[in-house]
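Taking it in order: structure first as structure tokens, then the write-up.
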Amino acid sequence: MESGCRSDLHLPLSYEPHYGGIVVDFEDDIIWVRADPVVCVQQCFPKLRSGPKVGSQNIKSCHIMSKRKVQNAHLPIGECISQVHQTLRERFCHQRLPERPEGVEAQHKHLEELLRRTAVHGESNSVLIVGPRGAGKTTLLKCVLRELSKESEVQKNLLQVHLNGLLQTDDRIALKEITRQLHLENVVGDKVFGSFAENLAFLLDALKKGDRSSSRPVLFVLDEFDLFAHHKNQTLLYNLFDVSQSAQAPVAVVGLTCRLDVLELLEKRVKSRFSHRQIHLLSSLTFPQYVDRVRAHLSLPDDFPDRKFAQEWSASVKTLCEDKSAVEVLQRHFNSSKDFRSLHMLLTLCLSRVSVTKPAIRPADLLDASRLCLADTKASMLHGLSILELCLIIAMKHLNDVYGGEPFNLQMVHNEFKKFLQRKSSSMYNFEQPVIMKAFEHLQQLELIRPVEGSAAKTQREYQLMRLMLDHSQIMEALQKYPQCPTDVKQWAMSAFA
């Protein structure tokens, strides 16, 4: 091979026949040195600005080429599929905030003004953001906080406390979380000391001693706000709203909820201290826009390493979104939920089927993923029950039909099962009472049946009232799919009455 550079550099060699030359890598450019046409060697140099220079007399011929042109290389199909999985999974799992929420400009402006008055001018406020799941309540709030955080005054002064009704299930846990997030004096590390009364008194004293001019404003965000209304005496809500209505430390209380009747859940003393400001978010998304979002979520970025594969992928996504069966699946999901989190779950299941042998999402993949997403979990649980447990479920179904959905007990179910046995000469369904009791308890553990609220705890297990948590269609669907289900059991289930 012809010498293309000085021999005293002692650099590693690696064969790369695709490029056909020695590469000298400066910071911004690549110099391609033409080598022997048979043996193509790529020699990787360190940055040569401070080291020995490559003389022009040692280079036969060269041309400078942008590094971005390396992206035109055709990667192996396996590497392309790996890149697709990494890119799309990151997009589905790590949501990025939009520059500005679409279709909610008025709500964005209203909420931003409210929080700015608290953060900058020390004015206390309270507001509820109401809308169905997936309408963008949390996204709206995060976008507003992102805009406000760009102002130095807000960034320095505003304290934020984030609570969730699913996590803070009572006021004691919620108060400890507030104390921990505000780093008050009774916190050591992540542990909060003191009783509920002491923590509440300490927090209220800390808030009430302040004033608009000297205190740092505090923003309380209550996600799943309706669950806080179920806490005993609504002590936390009462005190937060009470502070927000008084001329003390500036406080903003923002609640996020899916319930339109949330104000009806508040006690009179709590409701009187709430400002009754509500911001409603209603999804105005149309189905064509929904399909466009699907296409955008599945598209690859412009800087994807293999442009040819990216073009083929984009063409396959366009074909998928125009396929009739795929459109029907998307229409079904659109009608059931416009929440993009459920859409991301559907697309993630589709993406898991993409492999080297199947380098594109097909309509059949979308249909299978839809079946998994919309599968009835309770009906699926019935497939794993024993014949005895299935017979008890059918007996409960007949009791519901006869008594109009009234609660039942084990003794009633057993008597109904005996009626079925009396009509059959076979003894294959004869079980002892303890075995039936164990099967009944297993159904309760699976939450296919549950005790009636307020039923006496001292009642014998045979006579404790229960309700069936399955409907007729779920039972019949499970029977059709049950492996090797006896014919007489199917006929018993399909009969109108036992």
Six or more apart or on different chains, Cβ atoms under 6 Å: show the pairs whose first residue is in the range 143-169 and farther than 24 Å from V104 by Cβ and whose second is open to solvent by 50 Å² or more (accessible area, probe 1.4 Å) and assigned to a loop (DSSP other than H, G, I, E, B).
N157/R216; L159/R216
Which residue is least open to solvent (accessible area, probe 1.4 Å), if the candidates are limited to the range 106-133 and must be within 14 Å of L145 (Cβ to Cβ) and free of Cβ contacts under 8 Å to residues at least 60 places away in the same chain?
H108
Out of the residues in the range 172-187 meeting the condition of being under 14 Å from E198 (Cβ atoms) and modelled with pLDDT of 80 or more, tell me which one is surrounded by the most Cβ atoms within 10 Å (Cβ to Cβ).
L175
Would you point out the residue of the range 134-157, among those that are assigned to a loop (DSSP other than H, G, I, E, B) and open to solvent by less than 30 Å² (accessible area, probe 1.4 Å), that is modelled with the lowest pLDDT?
G134
For L372, work out the one condition from (1) open to solvent by 50 Å² or more (accessible area, probe 1.4 Å); (2) part of a loop (DSSP other than H, G, I, E, B) it doesn't fulfil.
(2)
Kindly indicate whether K338 is in a loop (DSSP other than H, G, I, E, B), out of contact with any Asp or Glu (no Cβ under 9 Å at 6 or more places or on another chain) and under 25 Å from S284 (Cα atoms).
yes
Considering only the range 396-413, state which residues are assigned to a loop (DSSP other than H, G, I, E, B) and touching an Asp or Glu at 6+ places or on another chain (Cβ under 8 Å).
N409
(1) in contact with a Pro (Cβ under 9 Å, 6 or more places away or on another chain); (2) closer than 24 Å to A375 by Cβ; (3) open to solvent by less than 20 Å² (accessible area, probe 1.4 Å) all hold for F309 apart from (2)
Residue check, L385 under 30 Å from I436 (Cα atoms) and part of a loop (DSSP other than H, G, I, E, B):
yes
K232 vs. criteria farther than 21 Å from A119 by Cβ and at pLDDT below 90
yes
Every residue in the range 437-495 that is aromatic (F, W, Y) and within 18 Å of I387 (Cα to Cα), please.
F440, Y482, W492
Would a scan of the range 281-292 turn up a residue that is closer than 30 Å to L236 by Cα and surrounded by 13 or more Cβ atoms within 10 Å (Cβ to Cβ)?
yes
When (1) surrounded by 17 or more Cβ atoms within 10 Å (Cβ to Cβ); (2) over 26 Å from K109 (Cα atoms); (3) charged (D, E, K, R) are applied to R273, the one that fails is (2)
With (1) open to solvent by less than 50 Å² (accessible area, probe 1.4 Å); (2) without any contact (Cβ under 8 Å) to a residue 12 or more places away in the chain; (3) among the polar types (S, T, N, Q) as the list, and T348 as the residue in question, which single condition is left unmet?
(2)
If you scan the range 94-117, which residues turn out to be of a type in the set (D, E) and at pLDDT 90 or above?
E112, E113
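The values are calculated or read from the model by the stated rules, or taken from the named source; none is laboratory data. These figures come from a predicted structure and were not determined experimentally. A quick note on method: Cβ atoms are made from the backbone with ideal geometry, for glycine too, and the neighbour counts reach across all protein chains shown. Ligands, DNA and RNA are excluded from the accessible area calculation, which covers all protein heavy atoms including side chains. Shrake-Rupley method; radii C 1.70, N 1.55, O 1.52, S 1.80 Å.
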